[in-house]
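*Asks:* Below is one structure. I have some questions about it.
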Amino acid sequence: MAALCEGFTLCGLGPSGGVGPGAGVLALEPGPDSDHVLLTDRGRTATLFKVSDQKPLGCWSVKHGQIITCPVVCNFETHEYIAVHDDKVLRIWKDEDVNLDKVFKATLSADVYRIHSLPHGEPLVLFKGGGVRTLDVLLEAPQQEIENFISDEVIKWSEAFLEDQEPILIFATEKDEDYFIYVQKFKLNILHKYKLEQQELSNPLSFTAYIKNQIITLLCLYSNDCIYKILIPLQRHSEEEEQILSKSLLLKLSVSGSVLKGTSFAILDKDHVAVLGSLTAFGEESKECLTIWNTKFQTLQTSKELPLGTSGQLWCYGEKFFFTHGKVLTVIIYKCESSSLAAAVGKLKDSQTSDVSSFINWNTLSDEELVVSLQSQQSVALKSESKMTLRSRRNSVAKVQPDTLTVGQLLLDIKDSSSAAIEDELKLLLSKEQMPDFQATIGCVITALINRCKTDPMFYPRNFLVQLIQKREFSYSLCPDLMAVALEKKDMHLLQICLQRFPDIPEEITYACLKVFLSISDDCLERTDVNLDSVICYIDIESNNKEVKTEIVENGFNTELEEDSCDTTFTKETHLKNDGECCPVGPQKAALLNAVLHSAYSETFLLPHLKDLPAQQAVLFLRYLHYLYVKSSEKITTTLPGVLSPTINQIMDWMCLLLDAHFTVMVMLPEAKGLLSSLHKFVRAQVRFYSELNKIEGSLRELQRLKRQKDSQTYSIEVLELI
């Protein structure tokens with residue numbers, strides 16, 4: 001049993017499919033941990049992404065005129081990154097490095113084909129001539145001579161493994177339509193050469209391999225739409241210089257008269273492979289698809305159409321597929337279960353599994369197509385209960401008893417049933433204690449609900465959505481239209497919850513929420529259901545509207561406190577108490593703004609949106625950030641009380657970001673002059689305070705040491721002189 005879950009976009013690509021303008025994707029490699037990947041384009045740039053947050057964590061480029069010629073990899077032992085540009089120039093750097101021109105550089109004596117990084121071993125460097133070195137050996141003498149085994153052959157593919165703590169490198173070459181396999185064993189420094197058995201009228205298009213019990217299993221995707229399996233024992237007994245490898249048919253990529261013209265593939269487990277390619281049928285236009293096949297029972301398990309086209313490249317890391325789709329890099333999570341004949345042919349009698357046997361893009365199906373796609377699920381559910389009775393429903397779709405409600409039936413009901421009926425069915429669905437692929441299932445349900453909201457303005461199951469998001473772990477990518485509808489409905493409570501719980505909200509949506517929160521009046525928010533747990537412990541609500549008078553001050557500072565303040569003076573007339581003394585917004589708006597402060601973001605992508613924030617709203621937001629800064633600095637822990645209250649780092653980051661986006665406007669606005677002056681005063685006082693603390697740090701440590709040395713049991717008075 002296999003399924004493709006809902007996909008999401010990791011990043012946008014350039015015009016030719018790369019992250020940089022005019023570049024294509026060279027490769028995608030695993031990052032320092034399972035949630036990170038390294039994307040290398042065919043130009044000058046390598047980017048590190050955190051997949052779960054859909055955020056770039058680092059981006060490095062070589063100089064203009066230089067080209068990265070093999071995929072950037074991570075050295076898992078040292079947490080360093082390794083790149084080769086212009087075939088021979090090796091670069092090594094760490095996360096904190098910014099300029100690749102200033103990092104470690106070594107010029108090698110031969111052209112590099114690929115660098116392979118192993119989880120518990122030294123990276124291997126494969127040269128275009130077939131020579132191999134470990135990275136540490138290569139760095140001892142970068143100009144050492146590299147042997148050339150394959151001067152007339154071209155390397156097409158390579159992979160590295162660890163078997164019994166020994167590095168094993170395998171690579172495939174081609175010469176005059178003959179294909180050769182090389183296996184390099186490092187402990188004994190042995191290189192074995194094999195020749196692939198020729199296949200009439202077809203050639204290998206893609207390779208992949210795995211190693212188990214001292215046997216390499218090599219899989220080859222051929223141009224005749226077949227995948228072949230080749231076994232290569234590590235212990236070679238034949239003395240032939242060039243042993244011929246025979247192959248056996250593993251899978252033929254055809255089903256019901258349609259043939260999949262594969263371009264790349266990946267091994268998922270012992271019984272499943274994924275193939276990316278074009279599905280063609282006689283008399284029909286070909287369609288690019290991502291497919292999962294069961295090699296044990298020779299069946300197509302699931303497929304997903306890719307109408308925007310792909311580059312033909314497929315990567316698979318940590319139960320996730322990565323591939324280009326149109327102008328974006330797409331990630332799709334997959335599920336593979338143990339093989340059984342019933343699951344392979346779609347006759348598995350587990351009613352729960354039948355609910356989520358395939359995750360379809362419900363947005364693109366018409367009612368008729370939806371009924372057809374769910375018929376198999378409904379028939380299995382109907383047959384599994386002999387005592388079940390049928391009831392008629394509209395559109396001639398059978399509906400079963402509530403105890404056997406399927407996801408497909410619920411999705412049909414959402415299209416036209418009443419709110420009360422839908423809510424009852426949703427509660428029934430959520431009451432199931434064990435539900436496989438719950439996240440993907442609920443993602444489909446939320447998508448259907450949102451689609452109904454778009455077509456029916458009177459339909460909006462707010463309570464259910466709030467309850468669902470509060471109790472379950474979801475992400476923005478699982479239900480991308482949810483926050484857009486909440487913004488349209490001005491559902492502040494739902495937006496607050498999403499901002500607090502979704503880890504992957506795009507910066508554009510975060511900015512839209514901020515703008516709505518700042519624009520709505522406090523009077524309107526008083527009638528809104530908003531969670532105040534993050535503000536109730538520190539906002540002085542009663543003093544929000546208290547008027548005070550101030551005397552002449554110098555540049556916003558009290559001259560008694562700041563003797564060296566600027567000469568410029570101005571008079572503050574009667575005004576509402578603010579600028580750090582009292583919260584400039586009501587508690588509801590403060591709670592909403594706190595939710596924005598908690599959301600994850602990338603400064604690079606958020607800053608352009610913040611520049612569009614109206615000046616008055618920017619000033620109001622800065623006043624609130626100033627208030628939080630003053631409040632958090634009142635205690636030695638610099639921590640605000642309450643649940644999900646913003647941290648001092650979040651406050652400072654947003655304050656700096658807002659000033660970067662609106663500094664010129666702030667300087668020109670008369671109403672912002674006092675705020676900037678007060679902020680300047682407070683920051684300067686903080687700097688002086690910490691400077692004084694640093695001066696006595698040594699004395700305080702000495703006091704602490706003396707206290708540990710002498711623990712007096714009797715009453716005593718001691719005088720210590722601080723110098």
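*Asks:* Compute the convex hull volume of the Cα atoms of region 278-329, divide it by the residue count, and report the result per residue in Å³ as a whole number.
*Replies:* Convex hull of Cα atoms, per residue: 93 Å³.
*Asks:* Using a Förster distance of 41 Å, how high is the FRET efficiency between GLU319 and LYS490, based on the Cβ-Cβ distance and rounded to 0.05?
*Replies:* Efficiency, from the Cβ-Cβ distance: 0.60.
*Asks:* Shifting gears a bit: Enter the accessible area per residue of region 407-504 (Å², integer; probe 1.4 Å; all protein chains in place).
*Replies:* 40
*Asks:* If you count only protein heavy atoms and use a 1.4 Å probe, how large is the accessible surface of TYR210, to the nearest 10 Å²?
*Replies:* Rounded to the nearest 10, the figure is 90 Å².
*Asks:* For TYR715 and ILE267, compute 0.36 nm times the residue count separating them, minus their Cα-Cα distance, and round to one decimal in nm.
*Replies:* Contour length minus the Cα-Cα distance gives 153.7 nm.
*Asks:* Also, I was wondering about something else. Need one number: convex hull volume per residue for region 31-151, Cα atoms only, in Å³. Display every interim value, and only then the final one.
*Replies:* On the way: hull volume 12.9 nm³, N = 121.
Once divided by residue count, the hull of region 31-151 is 107 Å³.
*Asks:* Rounded to two decimals, what ratio of Rg to Rh does region 95-238 give with C-alpha atoms and a Kirkwood Rh?
*Replies:* Numbers: Rg = 16.7 Å, Rh = 16.7 Å.
Rounded to two decimals, Rg over Rh is 1.00.
*Asks:* Let me ask something additional. Region 101-143 to region 626-682: how many Å between their Cα centroids?
*Replies:* Measuring centre to centre over Cα atoms gives 49 Å.
*Asks:* Give me the distance between the Cα centres of region 445-478 and region 47-75, rounded to whole Å.
*Replies:* For region 445-478 versus region 47-75, the Cα centre distance is 36 Å.
*Asks:* Which of VAL62, VAL72, ILE92 sits closest to the plus end of the dipole of region 56-180, meaning its Cα is farthest towards the positive end, when Lys and Arg get +1 and Asp and Glu get -1 on the C-beta?
*Replies:* VAL62
*Asks:* Just the Cα atoms of region 187-320: what Rg and Dmax do they give in Å?
*Replies:* In order Rg, Dmax, the Cα atoms of region 187-320 give 16.5, 56 Å.
*Asks:* So, in nm, how far is label LYS156 from label ASN649 when the simple model puts each one 7 Å beyond its Cα toward the Cβ?
*Replies:* Inter-label distance under the simple model: 4.9 nm.
*Asks:* A further question follows. Going by average Cβ neighbours within 10 Å, how do the peptides 192-200, 496-504 rank, with the highest at the top?
*Replies:* Going from most to least packed, we get 496-504, 192-200.
*Asks:* While we're looking at this one, here's another question. Could you calculate the contour length gain from VAL665 to LYS175, that is, 0.36 nm times the residue separation minus the distance between their Cα atoms, to one decimal place in nm?
*Replies:* Stretched out fully, the VAL665 to LYS175 stretch lengthens by 169.8 nm.
*Asks:* What do you get for Rg/Rh over region 407-504 if you use C-alpha atoms and the Kirkwood form of Rh?
*Replies:* Result: Rg/Rh = 0.93.
*Asks:* Fully extended, how many nm does the chain gain between GLN144 and CYS656 (0.36 nm per residue separation, minus their Cα-Cα distance)?
*Replies:* Numbers: separation 512, 0.36 × 512 = 184.32 nm, distance 5.02 nm.
My answer for the length gained is 179.3 nm.
*Asks:* What is the spin-label model distance, in nm, from HIS120 to ASN694 if the labels are put 7 Å beyond Cα along the C-beta direction?
*Replies:* Taking the simple label geometry, HIS120 and ASN694 are separated by 4.5 nm.
*Asks:* Next up: Could you work out the relative contact order of region 407-504? I mean the mean sequence separation of Cα pairs under 8 Å and 6+ apart, divided by the number of residues, in percent.
*Replies:* The normalised contact order for region 407-504 reaches 28 percent.
*Asks:* Let me ask something else about it. Picking from GLN243, TYR228, LEU191, whose Cα lies most toward the positive end of the charge dipole for region 191-282 (charges on Cβ: Lys, Arg +1; Asp, Glu -1)?
*Replies:* Positive-most Cα among the choices belongs to TYR228.
*Asks:* Counting only other residues whose beta carbon sits under 10 Å from that of VAL103, what net charge do I get with K and R as +1, D and E as -1?
*Replies:* +1
*Asks:* Mind scanning LYS490/LYS611; LYS489/LYS589; LYS50/LYS187; LYS195/LYS335; LYS261/LYS327; LYS55/LYS270 and naming the pairs with a C-alpha gap bigger than 25 Å?
*Replies:* Distance filter (> 25 Å) returns LYS50/LYS187; LYS195/LYS335; LYS55/LYS270.
*Asks:* Oh, and also: If we sort 602-608, 642-648 on the protection proxy, mean other Cβ atoms within 10 Å, highest first, what's the order?
*Replies:* Working: 602-608: 14.3, 642-648: 17.6.
Sorting 602-608, 642-648 by mean packing, highest first, produces 642-648, 602-608.
*Asks:* Which of the peptides 274-282, 59-67 is most tightly packed, and how do the rest follow, going by the mean number of other Cβ atoms within 10 Å of each residue?
*Replies:* Numbers: 274-282: 19.9, 59-67: 14.1.
Going from most to least packed, we get 274-282, 59-67.
*Asks:* Probe 1.4 Å, all protein chains in place: accessible area of ASP424 in Å², nearest 10?
*Replies:* 100
*Asks:* How many nm separate the modelled label positions at SER286 and GLU702, each set 7 Å beyond the Cα in the direction of the Cβ?
*Replies:* Simple spin-label model gives 8.2 nm for this pair.
*Asks:* Can you give the accessible area of PHE180, probe radius 1.4 Å, in Å² rounded to 10?
*Replies:* Roughly 20 Å² of PHE180 is accessible to a 1.4 Å probe.
*Asks:* Would any residue of region 188-214 have its amide N under 20 Å from a label point 7 Å out along Cα→Cβ of GLU163? List them or say none.
*Replies:* Only 188-197, 207-214 fall inside the zone, counting backbone N under 20 Å.
*Asks:* In addition: In Å and on Cα atoms, what radius of gyration and Dmax does region 213-281 show?
*Replies:* In Å, with Rg to one decimal and Dmax whole: 14.7, 47.
*Asks:* Here's another thing I want to ask about it. With +1 on the Cβ of every Lys and Arg and -1 on the Cβ of every Asp and Glu, and nothing else charged, how large is the dipole of region 212-342 about its Cα centre, in debye rounded to the nearest 20?
*Replies:* Dipole of region 212-342, to the nearest 20 debye: 320 debye.
*Asks:* Next question. Which FRET efficiency value, to the nearest 0.05, do you get for THR134 and GLU96 by plugging their Cβ-Cβ distance into 1/(1 + (r/R0)^6) with R0 = 30 Å?
*Replies:* The formula returns an efficiency of 0.70 here.
*Asks:* If DNA, RNA and ligands are ignored and the probe is 1.4 Å, what is the ranking of ILE717, ILE146 by accessible area, most exposed first?
*Replies:* Details: ILE717 135, ILE146 25 Å².
My answer, sorted largest first, is ILE717, ILE146.
The values are calculated or read from the model by the stated rules, or taken from the named source; none is laboratory data. Computed from a predicted model, the values in this text were never measured in an experiment. Glycine gets a Cβ as well: all are built from the backbone with ideal geometry, and neighbour counts include every protein chain shown. Accessible surface is based on the protein model in full, side chains and every heavy atom, while ligands, DNA and RNA are left aside. Shrake-Rupley method; radii C 1.70, N 1.55, O 1.52, S 1.80 Å.
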